[in-house]
Amino acid sequence: MIGKVTRGWNVYGLIRYLMGPGSTEQSAHTDQHVFATWDGRPEAHQPEQLGHDRFDIGALVAALRAPAALAGVPKCRPREDDWSGTVSRVPKGPVWQCSLRNHPDDPLLTDEQWAEVVADVLHRTGIAERDDPGGCRWVAIRHAPDHVHIAAVLVRQDTGELVHPHRNYDFRRVKEACNAAEERYRLTSTGAADRTATPRPTRAEIEKASRLHAAGQRRTDVAVRNKLRRQVSSAAAAARNWGEFVEYLALANATVCVRQGHHGRILGYSVTDASDQACRTASGDPLYFAGGKLGPDLTYSKLMSRWKSVETTVPASVQGIVDEVVLPACERMRHRGPLNKTEFGQEAMQGIAHATGDMLLALVVVADVDRVSLLVDAWETYARAGRVPEKILPRRWAAVSRDLRTAANQLIRAGMRNPARQRATPGQFIALLIAVAALVAEIAAWHEAHQRHVAARHAWATHGVLDQIVPVRANRMESSALAPPKAATNLRRELTKRPSAGVHSSRQSAFPTSGRSR
């Protein structure tokens with residue numbers, strides 16, 4: 001179950017949308033009805049239907065806003081020039097909205113079950129705690145089988161004071177309520193909020209990309225945030241220090257804006273692509289994205305920690321990297337032994353998992369053009385599986401993880417400096433692809449053994465994408481009378497070889513060893 005929290009000022013506009021027909025045909029609203037309210041009488045607050053997808057919402061809106069009206073809270077967002085000079089920006093609005101959505105494969109919940117979930121969300125966030133008749137007024141509306149919306153006015157009924165759920169980290173409390181509902185009703189698990197998720201493009205960015213694509217612009221319909229994430233991640237994987245990082249971004253047509261503190265100390269950075277229309281505002285000014293807004297492991301401090309691990313010497317050839325780097329990492333993941341807290345125990349596994357993301361980027365570099373899109377999908381899918389919960393990166397890097405990162409660094413550096421050069425024969429590419437796929441499978445099993453089901457799902461989905469490429473490439477190579485190397489023939493067995501016994505007992509049938517894509 002996924003919960004999303006937004007804030008605003010206009011409660012009338014929110015209720016009108018929730019009870020209306022919907023914005024598009026794909027998101028059309030059906031059977032709009034109120035199923036839970038602050039006073040336990042949803043039937044009394046159900047708006048009267050005036051026609052098809054038309055409801056009289058005036059009474060419901062007035063009841064919701066009654067405490068706010070008595071407290072003198074404005075109905076709409078004030079202008080910024082109405083505030084004194086001591087206020088840097090207009091405060092957040094008093095209208096709190098939360099949408100709760102289930103996975104498409106989950107069973108449909110009844111209105112009574114959804115009402116229990118809504119009550120838990122409001123209790124955990126402090127908006128309307130149980131056995132508190134003076135809490136904020138709220139209403140829950142359902143207009144689709146798989147999701148509901150909560151609309152609340154953040155003014156207490158008894159005192160007229162404003163409630164500030166963000167001080168209680170309302171987005172985290174909503175996640176806790178979603179996890180509790182998943183366990184109670186046996187829904188698809190979305191895992192705990194480990195602060196490693198990749199920031200997703202906003203609705204405005206997605207619509208802007210679609211408009212540019214429809215207008216025949218050079219860019220595709222990919223959101224600019226995703227494009228910049230790949231550019232910055234590639235530069236970070238190819239660089240070994242800050243100067244090289246800026247250099248590789250310049251090769252990708254990206255411009256860096258550095259934020260500095262006292263004595264020239266770098267505090268952070270942001271990037272833009274001046275050649276891309278999607279990276280400009282309506283007035284033509286460049287639109288910058290901070291590194292942390294592209295990925296949690298792309299902040300300045302995380303990049304400095306990452307570059308400390310690129311300090312070893314590895315083979316220069318693709319086949320040497322397969323035999324002496326990727327396969328030993330795969331064996332280390334397979335024979336990891338019991339959980340321990342030594343430097344080369346759990347932290348080694350975490351380092352291998354994160355460095356594998358760079359190896360997936362290296363596959364994009366050595367592949368031919370018709371396989372790049374699938375490999376990019378594999379890299380984007382894998383991102384969550386390569387990050388350490390809460391910490392993003394391991395504190396220390398073992399030798400096996402440093403070798404893996406250095407090998408990826410060499411491949412990506414060569415590709416970014418000379419993109420037209422062919423760096424791998426078909427047989428070498430297959431060997432590297434199968435080795436990385438086997439490594440991803442072991443990482444997925446490792447996540448499952450430690451009950452990190454979301455990371456395991458991302459890893460298994462990545463394994464499935466890579467498995468789609470292997471047979472196609474093998475057939476093409478064999479048809480051109482190029483015999484696959486012995487290493488590639490042996491490595492293909494890794495995709496169907498069941499990993500070490502005793503570790504995969506918790507594997508679900510949805511993630512088979514053969515790597516079918518979900």
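The values are calculated or read from the model by the stated rules, or taken from the named source; none is laboratory data. Since we're looking at a predicted model, the values are computed, not measured. FYI the Cβ positions are ideal-geometry reconstructions off the backbone, even for glycines, and counts take in every protein chain you see.
Filter the range 252-273 down to residues that are in a strand (DSSP E or B) and in contact with a Cys (Cβ under 8 Å, 6 or more places away or on another chain) and give me whichever is nearest to Gly284 (Cα to Cα). Residue satisfying both the conditions and the ranking: Thr272.
Among Ala62, Ala71, which is the only one that is without any contact (Cβ under 8 Å) to a residue 12 or more places away in the chain and surrounded by 12 or more Cβ atoms within 10 Å (Cβ to Cβ)? Of the residues listed, the single one that is without any contact (Cβ under 8 Å) to a residue 12 or more places away in the chain and surrounded by 12 or more Cβ atoms within 10 Å (Cβ to Cβ) is Ala62. Scanning the range 239-250 for residues that are touching a residue at least 60 places away in the same chain (Cβ under 8 Å) and either more than 13 Å from Val271 (Cβ to Cβ) or among the acidic types (Asp, Glu) (or both) yields Ala239, Arg240, Asn241, Trp242. Considering the conditions (1) surrounded by 18 or more Cβ atoms within 10 Å (Cβ to Cβ); (2) at pLDDT 90 or above, Arg41 is excluded by exactly one of them, (1).
When you look at Lys302, is it farther than 17 Å from Ala438 by Cα and at pLDDT below 80, yes or no? Spell out how you get there, then give the answer.
Values: farther than 17 Å from Ala438 by Cα: yes; at pLDDT below 80: no.
Spelling it out, it is not the case that Lys302 is farther than 17 Å from Ala438 by Cα and at pLDDT below 80.
Taken over the range 18-36, residues that are closer than 13 Å to Val148 by Cα and surrounded by 13 or more Cβ atoms within 10 Å (Cβ to Cβ) amount to 8. Checked against the criterion of being free of Cβ contacts under 8 Å to residues at least 40 places away in the same chain, buried (at least 16 other Cβ atoms within 10 Å of the Cβ) and outside the structural domain of Ala385 (by TED's automatic domain parsing), the candidates Ala290, Ala282, Ala274 yield just one match: Ala290.
Scoring Thr281 on the criteria (1) of a type in the set (Ser, Thr, Tyr); (2) at pLDDT below 85; (3) in contact with a Lys or Arg (Cβ under 9 Å, 6 or more places away or on another chain) leaves a single failure, condition (3).
A single member of His164, His149 is free of Cβ contacts under 8 Å to residues at least 40 places away in the same chain, assigned by TED's automatic domain parsing to the domain that holds His29 and farther than 14 Å from Asp39 by Cα, and it is His164.
Under the condition of being outside any loop (DSSP other than H, G, I, E, B) and under 26 Å from Lys75 (Cα atoms), the residues counted in the range 120-165 number 22. For the range 293-326, the set of residues classified as in contact with a helix residue (DSSP H, G or I) (Cβ under 7 Å, 6 or more places away or on another chain), under 18 Å from Cys257 (Cβ atoms) and either small (Gly, Ala, Ser) or surrounded by fewer than 20 Cβ atoms within 10 Å (Cβ to Cβ) (or both) consists of Gly295, Thr299, Tyr300, listed by residue number.
Against the numbered list (1) modelled with pLDDT under 90; (2) under 37 Å from the mean Cα position of the chain (by Cα), Ala71 comes up short only at (2).
In the range 223-251, the qualifying residues are those that are surrounded by 17 or more Cβ atoms within 10 Å (Cβ to Cβ) and not in a helix (DSSP H, G or I), and the one that is modelled with the highest pLDDT is Ala239.
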